[in-house]
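Trainee: Provided herewith is a single structure, encoded as structure tokens, for subsequent inquiry.
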Amino acid sequence: MLRVGMNPLSWALGFAITLIAVPAMAADTYKIDASHSTVMFRVKHLNTSYAYGRFNDLSGTFVLDAKDAAKASVDLTIKMESVDTANADRDKHLRGPDFFNVKQFPTSVFKTKSAKAGANGAIELTGEFTLHGVTKPMTVTLEKTGEGPSPFKDYRAGLEGTLKIKRSDFDINYMPDGLGDEVTITVSLEGTRPQ
């Protein structure tokens, strides 16, 4: 309210400065809902067909900002013992020293270092990916697959993307003639935050 005797110009400047000083709304942080998220992989078997698997134990967070893609991030941890290819003997072999060696390297982690807007509203994340005790720089493009309030009285958002790695880059070299070196990984994340 303009007080009697106040210079209108001073009042207007003060009001404008007050508006500028109001902090911008923070980016939204989502907790990864493991029961509705998937990390799946595909690798060539005997140069004939593709074998598929997934990891069932995921945790972490992701951050989204509708106005600034540079604030986006993903912090994802995968428990390697949770590998699941629908074959108990194969899963036991994958957990062993020929492949993931889960006793020595129990987790795989992706941590974002920077982000920028990608094409068609996607987010391009650059970070570090650690697998089998080896850390490499990694860039992945994630598409926002949806968002909104849920029946569980929280707010949800989803991200999905696909990337390719070479397992030899992470010192997983077993059976080079029988299994492909290139592994395709699909990441589909659903996260929750309070409404």
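Trainee: Return the total of residues in region 25-42 being outside any strand (DSSP E or B) and touching a residue at least 40 places away in the same chain (Cβ under 8 Å). Outline the logic, then answer.
Mentor: Taking region 25-42 and keeping what is outside any strand (DSSP E or B), we get 25-27, 33-37.
The next check asks that each one be touching a residue at least 40 places away in the same chain (Cβ under 8 Å); those that pass are 27, 33, 36-37.
Going through region 25-42 one residue at a time, the tally reaches 4.
Trainee: Residue pairs, Cβ under 9 Å, 6 or more apart or interchain, first in region 152-166 and farther than 19 Å from residue 76 by Cα, second surrounded by 18 or more Cβ atoms within 10 Å (Cβ to Cβ) and of a type in the set (A, V, I, L, M). List them.
Mentor: Close Cβ pairs satisfying both conditions: 166/183.
Trainee: What residue, among those in region 167-195 that are free of Cβ contacts under 8 Å to residues at least 24 places away in the same chain and not in a helix (DSSP H, G or I), is surrounded by the most Cβ atoms within 10 Å (Cβ to Cβ)? Reasoning before the result, please.
Mentor: First pass over region 167-195, keeping only residues free of Cβ contacts under 8 Å to residues at least 24 places away in the same chain: 168, 173, 176-177, 181.
Now restrict to residues that are not in a helix (DSSP H, G or I): 173, 176-177, 181.
On the way: 173: 12, 176: 10, 177: 6, 181: 14.
Checking each candidate, the answer is 181.
Trainee: Hey, residue 175 hits all of (1) in contact with a Pro (Cβ under 6 Å, 6 or more places away or on another chain); (2) of a type outside the set (Lys, Arg); (3) at positive phi but one; which does it fall short on?
Mentor: So the condition that residue 175 fails would be (1).
Trainee: Take residue 83 and tell me if it is closer than 17 Å to residue 52 by Cβ and without any contact (Cβ under 8 Å) to a residue 40 or more places away in the chain. Talk me through it step by step, then tell me what you get.
Mentor: Numbers: closer than 17 Å to residue 52 by Cβ: yes; without any contact (Cβ under 8 Å) to a residue 40 or more places away in the chain: yes.
Yes, satisfied.
Trainee: Exactly one of these conditions fails for residue 45: (1) more than 19 Å from residue 191 (Cα to Cα); (2) under 10 Å from the mean Cα position of the chain (by Cα); (3) not charged (D, E, K, R). Give me its number.
Mentor: Unmet condition: (2).
Trainee: Output the residue which, of all residues in region 86-99 that are in contact (Cβ under 8 Å) with a residue 40 or more places away in the chain and not charged (D, E, K, R), is farthest from residue 172 (Cα to Cα). Reasoning before the result, please.
Mentor: Kept after step one, since they are in contact (Cβ under 8 Å) with a residue 40 or more places away in the chain, are these residues of region 86-99: 94, 98-99.
Of the ones still in play, those that are also not charged (D, E, K, R) are 94, 99.
Working: 94: 11, 99: 6 Å.
Restricting to residues being in contact (Cβ under 8 Å) with a residue 40 or more places away in the chain and not charged (D, E, K, R), the top hit is 94.
Trainee: Mind counting the residues in region 34-60 that are of a type in the set (S, T, N, Q) and at positive phi?
Mentor: Narrowing region 34-60 to residues of a type in the set (S, T, N, Q): 35, 37-38, 47-49, 56, 59.
Then keep just the ones that are at positive phi; that gives 47.
Of the residues in that region, 1 qualify.
Trainee: Could you list, in sequence order, the residues of region 153-166 that are more than 19 Å from residue 98 (Cα to Cα), touching an Asp or Glu at 6+ places or on another chain (Cβ under 9 Å) and either polar (S, T, N, Q) or buried (at least 16 other Cβ atoms within 10 Å of the Cβ) (or both)?
Mentor: Result: 155, 156, 157, 158, 159, 160, 161.
Rule-based calculations on the coordinates, nothing more; no lab input. From a predicted model like this one, the values you see are computed outputs, not experimental measurements. As a convention, Cβ positions derive from the backbone with ideal geometry for all residues, glycine included, and neighbour counts pool all protein chains shown.
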